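A short write-up of the structure that comes next.
The values are calculated or read from the model by the stated rules, or taken from the named source; none is laboratory data. Remember, predicted model here, so these are calculated numbers, not experimental data. Backbone-built Cβ (ideal geometry, glycine too); neighbour counts: all protein chains shown. Note: areas computed on protein heavy atoms with side chains; ligands, DNA, RNA excluded. Shrake-Rupley method; radii C 1.70, N 1.55, O 1.52, S 1.80 Å.
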Amino acid sequence: MSVSVLESKRLEAVLKGDEEVEVVGTGTDAMAYALMLADIDVTSAYPIRPYGGVMQTVSKLIADGYLKAEYIVAAHEHDQFEIVKHASAVGARTFVGSSGVGWLLAIEAIVVISTDRYPVVALIGNRALDDPGAYGVEHNDALMVRDVGWLLVWVDTAQEALDTTLIAYRVAEDPRVMLPVGISMDGAFLTHSEHVFKIPPKSKVQKFLPPYDLGNRKLHPSNVISVAPQVNEDWVTEIRKQMDEAMKNARKVIVEAYRDFAKIFGRDYGNPFVEPYMVEDADVIMVGMGTVSRPIKEAVRRLRAKGEKVGFLRIRWFRPFPTEDIIHYLSGAKVVAVVDRDYSFGSPFDGGAVYTEIRSALYEAEHRPLIINFIGGLGGREITYNDAINMFNIALDTARKGKVEQRVIWYGVRE
Amino acid sequence: MSVSIYTLEIIYRGIHQRHLARNLARGIVYAARMEGNAALSYQRYGDDPERDGVPAKYFVVIAKGAGSSEDVLDAEAARVEPDFVDVSIVLDDTILKGVESWAWQGIQPVHLKLRPNGLLIVVSKKNPEELLRFIPARDSPYKLVVVQGERSIGDFWTFPDDGTVERVLGAIAKVAPDVLSLDGVKRFLQSLDKPDVRVNRAVEAYQALVRLREVKPGEGIPYKYEPPHLPGYKDMMIGGAIPGLKPNQRNPLFTGGTAKHYRPVINFDKCTKCTLCWEYCPDSVFDPTPDGYFNPALAYCKGCGICAEVCPVPDTIIMVDELEFEDGYGKFIDEYRMWKENREGYRKWFESLLPKAQIISARKR
Ligand code: SF4
Ligand code: SF4
């Protein structure tokens, strides 16, 4: 079975025409269409859910002739990531991905992709780490690589998944960056739910995304170089420092990419790093990543209707971390409530990873708000707007009392 | 009581002498501690002594007069290598022809780290005068000490308990009593198995097997070591990639040729141009010549002997001890050219080497 008859006419239109078209699909479908538009050369697949949906759609796009790319089925995730690393080294634009423990099986290859500086783009279909078995979302899989030179971004809609994929290639392949990007998509809530989104025409994508050019690092018989040498203590500090510079450069390059994206496609994401929602005058600001934004926004609207000054800040880019924006948007609040769909056992205040990073960023703020942390939604458990209202109420109570009674709350845990 | 720090270095051949070097380093530490000093030892980690023949290093630091206080060693602990050594011990005399520790570090003189007036102790059957023909000259004086003895060659798993450790300990006690006394050496050896045999070996070396020669600045072969230029992160290619070699080009920064204690010598008169040596050499050392022979680029030869093993023609490739050849430090003889220029001279030379060969092609040994 090919791409559904429903979509085929629309895909013809974006590939040949100049207009965008509207389709219905999952977050992983949206990403697959972005890969078609970005004209990837090589991808490597190994099944695991929830990431697997993207490979199903990509394979159909290739089978139907909408995308010309090598589709290599790997023996396991480690091979998968090694395959794209090598393809990227010879000048192929690549895509790869996995979920949960599958992503971790590939960890050695994942690390060398960033340390060898190949701009691979990957989907991390966020999934709880085994054990116990669970297909649902947690963010710890992606967060495992937060320190090793991968850019990490979380999206919360199919549209953003598509757009961010195009932006990811542009940022990753920028000569000032040359680092891989991991795009996190919440398992089930985004990977497996169908929404309306727009596919832009390829003609515009070509204006936005220049061809992948590794320059003098391209492995080719006419450009004989040696990569990944054994260098030990003599060179390692310098090579890590290059990565540090690249990651810092990425902040600037991300801003440029979103600016050009808005110009060319007419979709303006505002601040690329964070999405502020009714935060201007808010006493209590909730912070989260991924699809938890949807119910939290609903809670914000309901509480605002009752006159509560609450707002929400969604973090898109976790690496590079948007320190300045975090300080800018949060330091004026009385209480910041961070919702972590992850955990960092034994971390400074036994909270989640996002909470810990935000605490660290706010250390530099002139005004430091009170901070509380909700660990919730683990293993794919729902966080409904009612849950978000409950959390806001705890935060509002904290604001009234002017002190934190419990730093970290395992929201909804059964005792 | 004031504390003095002494640093010793042991240079040995990877695999063949790793047990020997470790046992010697530990022995020095034990002996020093039995004399009431603090001491530690460490390997130069990056040397990769699991590689066949690679010149590798062990270091020992002794704090004399420190008693049981370990703090005095803090400054010398957790290091890659010391800045200077007071004593350098070379367990294989062919290592005098240079040490290549890292690709871009080049070929280092064996006494690179030795302090002025330091001791260079070599286990060898040659005398100091003969050994000086292989050691680069330097700006400061030093003392060349020979401990008479066979080269002690083991393998990955085994340690030939042939008395080398004891003899070197005895020699240290003889020429550097400040560092280690004969009494300390004896006490250590008495704590081991076969104590009498071991003590006798050390005492024998102490009394009769050590030759010392003062070496003046400028004595030795000419060689100027250039320390490497290590690039800054802005100068490096992204990710530490490095320009590769063009076809038929060899790496000028890393030859690896100091890994050998013997080398192939080719009898071109008998060679049938069968190509096997060229094909089997794991380091692609053989350059094809215009008339179909295969000439070893000796600077790159690791001395593994495979070429001599595979050559099907009797007495055509022989493996001969490095100290038969007064070249090295990057400048090696060109066997094929020698043969082309003077076939008769080359034949005589080859025949003079044949009885000394350790491996001889297509001959039962
Ligand atoms: S001994 Fe022979 S085979 Fe071994 S590295 Fe040298 S030339 Fe090559
Ligand atoms: S293996 Fe022996 S006979 Fe064959 S080419 Fe080499 S030297 Fe000549």
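Miscellaneous remarks
- Index of the failed condition, A:A262 passing every other in (1) part of a helix (DSSP H, G or I); (2) away from chain B (no Cβ under 14 Å); (3) open to solvent by less than 10 Å² (accessible area, probe 1.4 Å): (3)
- For the range A:45-100, taking the residues that are free of Cβ contacts under 8 Å to residues at least 60 places away in the same chain and acidic (D, E), the one that is nearest to A:L11 (Cα to Cα) is identified as A:E70.
- Only residues that are touching a residue at least 60 places away in the same chain (Cβ under 8 Å), over 17 Å from B:Q108 (Cα atoms) and buried (at least 23 other Cβ atoms within 10 Å of the Cβ) were counted across the range B:34-62, and they come to 1.
- Of all residues in the range B:229-251 being of a type outside the set (G, A, S), out of contact with any Asp or Glu (no Cβ under 8 Å at 6 or more places or on another chain) and surrounded by 11 or more Cβ atoms within 10 Å (Cβ to Cβ), the one that is farthest from B:V99 (Cα to Cα): B:I238
- Of all residues making up the range A:32-60, the number that are in a helix (DSSP H, G or I) and either under 23 Å from A:A188 (Cβ atoms) or open to solvent by 40 Å² or more (accessible area, probe 1.4 Å) (or both): 13
- Test: residue in the range A:125-145 that is within 14 Å of another protein chain (Cβ to nearest Cβ), assigned to a loop (DSSP other than H, G, I, E, B) and β-branched (V, I, T): no
- Residues that are in a strand (DSSP E or B) and either open to solvent by 10 Å² or more (accessible area, probe 1.4 Å) or of a type in the set (S, T, N, Q) (or both), drawn from the range A:280-325: A:R319
- Among the residues making up the range B:232-246, those that are at the interface with another protein chain (Cβ under 7 Å from one of its Cβ atoms) and of a type outside the set (G, A, S) are B:Y233, B:M236, B:M237, B:I238, B:I242, B:P243, B:L245, B:K246.
- Test: B:R44 is within 14 Å of chain A (Cβ to nearest Cβ), of a type in the set (K, R) and within 30 Å of B:H261 (Cα to Cα): yes
- Within the range B:237-268, the residues that satisfy the criterion of being under 28 Å from the mean Cα position of the chain (by Cα) and near ligand 2 (Cβ under 10 Å from one of its atoms) are B:P264, B:I266, B:N267.
- Condition check for B:L180: part of a helix (DSSP H, G or I) and open to solvent by less than 40 Å² (accessible area, probe 1.4 Å): no
- A single member of A:L370, A:L330, A:L396 is open to solvent by 20 Å² or more (accessible area, probe 1.4 Å) and aliphatic (A, V, I, L, M), and it is A:L370.
- Residue in the range B:252-262 that is open to solvent by less than 20 Å² (accessible area, probe 1.4 Å) and within 14 Å of chain A (Cβ to nearest Cβ) present: yes
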